[in-house]
Amino acid sequence: MARKRLFPIKRRTAAGAPPGTMIAPAESPAPVLDVIAYGPEEYLEEHDVSPEVIGTVRERAGMIWVNVCGLGDVELLARVGRIFNLHNLAMEDIVNLHQRPKAEEFEDHLFLVTRMMRPADDIGTEQLCVFLGADYVLSFQERPGDCFAPLRERIRQGKGRIRARGADYLCYAMLDAVVDDYFPVLETYGEALEALEGEVVSSPDRSHIARLHDMKRELLAMRRAIWPHREMIGAVIRDENPLVTPDTRLYLRDVYDHTLQLMDIIETYREIVTGLLDVYMSSASAKLNETMKVLTIIATVFMPLGFLASLYGMNFDRSVSPWNMPELGWRLGYPFALAVMAATVVAMLLYFRRQGWMGGGRGRAAPTRNPRESD
């Protein structure tokens, strides 16, 4: 069965299409617009509104956050873009879900693309597009569910400094939430790797190899999602843009540091997975060697027994010559043959043990004597 792609690359715009062509993803739901408008003293929140309501809400507060959940209706997305005068190339990138995290500057807004963890049990990311203007922030996400619930609660209750700051601070808070949402997932990976390490060392099983390959594949997908965030956030910090104040750049440095920490953790976990794969292969090889050793000893023991059995199985006529199998005429000939075989087996086993091939013997290191012990 084909595996689900953790970092899908899908381009729906045909080659040679005009710039700004928008084609809705087939699996994306219809857009739902949620609006939060606030200031130091005022707060207003509306759910599932039409694009025309945005202008009315915008006039009642100094700062507005419009979250568009779902990309299934390009006409509605285009209406939102016209309200805020968004560039058509940026609007095209919203519905092309293969975008790499990046930052692009336009005349009156800043366009950011990030990869957000999916709020589900399966490991994966989804594209989140953010537009930063002088007094607004627009976010476009693929499907319902995000990591902004604590941020919305802070705005509702007026906690911290977010209600007193501008749009750039809200944009920073969103980027911080997106990056920090990777840490709990990586903590889960750390716990799983710790448990799996003990299992691989103590009792390696074929199921472990599949789990390790899945984890390596998922960590690679997370690395591909997080690595460009460093470049994107670094570009926002370095480039002078009037939409981002110097004070907010200081906070963005903290987000930048978090991306570096994530990269270090992911690289460490990937090395652990690679090491566990090597441990599994070594354990499997050692187990196979032990099995081959036992089988070799058994085969070696039976080689002289087979020789004796074949020797006494030869059909010589004793009436022709007294030297033709004289043991066949003995009263204790059969017990004699069995005794010879048993003695041969015992002698070989004692020799194997003396050589250390079956434990003990000269293959085992002799215990060292403590020089402080009295004679």
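The table below lists the values:
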{"read-out": "q = 0.18, 0.21, 0.26 Å⁻¹, segment 277-328: log10 I(q)/I(0) [Debye, one scatterer per Cα]", "value": "-0.70, -0.79, -0.92"}
{"read-out": "Cleavage-rule hits, GluC sites (Glu not before Pro), segment 18-73, DSSP coil, Cβ neighbours within 10 Å at most 14", "value": "Glu27, Glu41, Glu42"}
{"read-out": "Surface/4 estimate of mean projected area, convex hull on alpha-carbon atoms of segment 141-207, nm²", "value": "7.1 nm²"}
{"read-out": "Accessible area in the full protein assembly, largest first, 1.4 Å probe, for Phe131, Phe316", "value": "Phe316, Phe131"}
{"read-out": "Solvent-accessible area of Thr114 with every protein chain in place, 1.4 Å probe, in Å² to the nearest 10", "value": "0 Å²"}
{"read-out": "Cα-centred dipole magnitude for the chain, charges only on beta-carbon of K, R (+1) and D, E (-1), debye, nearest 20", "value": "2300 debye"}
{"read-out": "Per-residue HN-Hα couplings for segment 86-102 [Karplus 6.51, -1.76, 1.60; θ = phi - 60°; Hz; x = Gly/Pro]", "value": "7, 5, 5, 5, 5, 5, 5, 5, 4, 8, 8, 7, 8, 5, 8, x, 7"}
{"read-out": "q = 0.13, 0.14, 0.19, 0.26 Å⁻¹: log10 I(q)/I(0) that the Debye formula gives for segment 59-142, counting C-alpha atoms only", "value": "-0.41, -0.47, -0.84, -1.43"}
{"read-out": "Helix 333-354 vs. the chain, principal-axis angle (Cα, 0 to 90°, nearest 10)", "value": "40 degrees"}
{"read-out": "Cα-Cα separations in segment 189-250 greater than 19 Å, expressed as whole percent", "value": "55 percent"}
{"read-out": "Extension gain from Ala192 to Thr296, taking 0.36 nm per residue of separation minus the Cα-Cα distance", "value": "33.6 nm"}
{"read-out": "0 to 90° range, to nearest 10: angle between helix 167-180 axis and the chain longest Cα axis", "value": "10 degrees"}
{"read-out": "Separation of alpha-carbon centers, segment 99-114 and segment 248-305, rounded to whole Å", "value": "40 Å"}
{"read-out": "Probe 1.4 Å, protein heavy atoms only - accessible area per residue of the chain in square angstrom", "value": "56 Å²"}
{"read-out": "Coil-residue trypsin sites (Lys or Arg not before Pro) of segment 93-168, DSSP, other Cβ within 10 Å capped at 14", "value": "Lys159, Arg161"}
{"read-out": "Pairwise FRET efficiency - Ser50 versus Glu27, Cβ, R0 = 35 Å, nearest 0.05", "value": "0.90"}
{"read-out": "Estimated 222 nm signal from helices in the chain, with DSSP H stretches of n ≥ 4 weighted -39500 (n - 2.57), rounded to 500", "value": "-18000 deg cm²/dmol"}
{"read-out": "Antiparallel bridges, percent of DSSP beta bridges restricted to the chain (to nearest 5)", "value": "85 percent"}
{"read-out": "Label corresponding to semi-axes √(5λ) of the Cα gyration tensor in Å when calculated from the structure given, among (i) 36, 24, 22; (ii) 38, 21, 20; (iii) 76, 25, 15", "value": "(iii)"}
{"read-out": "Rounded to the nearest 10 Å², the accessible area of Phe302 at probe 1.4 Å", "value": "130 Å²"}
{"read-out": "Computed log₁₀ I(q)/I(0) - Debye formula, equal Cα scatterers, no solvent, segment 118-178, q 0.19, 0.22, 0.23, 0.29 Å⁻¹", "value": "-0.75, -0.96, -1.02, -1.35"}
{"read-out": "R0 of 30 Å, Cβ-Cβ distance Leu338-Ser202: FRET efficiency to nearest 0.05", "value": "0.10"}
{"read-out": "nm² value of the averaged projected area, convex hull over the Cα atoms of segment 15-85", "value": "5.5 nm²"}
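The values are calculated or read from the model by the stated rules, or taken from the named source; none is laboratory data. Just so it is clear, the model here is predicted, and its values are computed rather than measured. In this analysis, Cβ positions are derived from the backbone assuming ideal geometry, glycine residues included, and neighbour counts consider all displayed protein chains. These area figures cover heavy atoms from the full protein model, side chains too; ligands, DNA and RNA do not enter into them. Shrake-Rupley method; radii C 1.70, N 1.55, O 1.52, S 1.80 Å.
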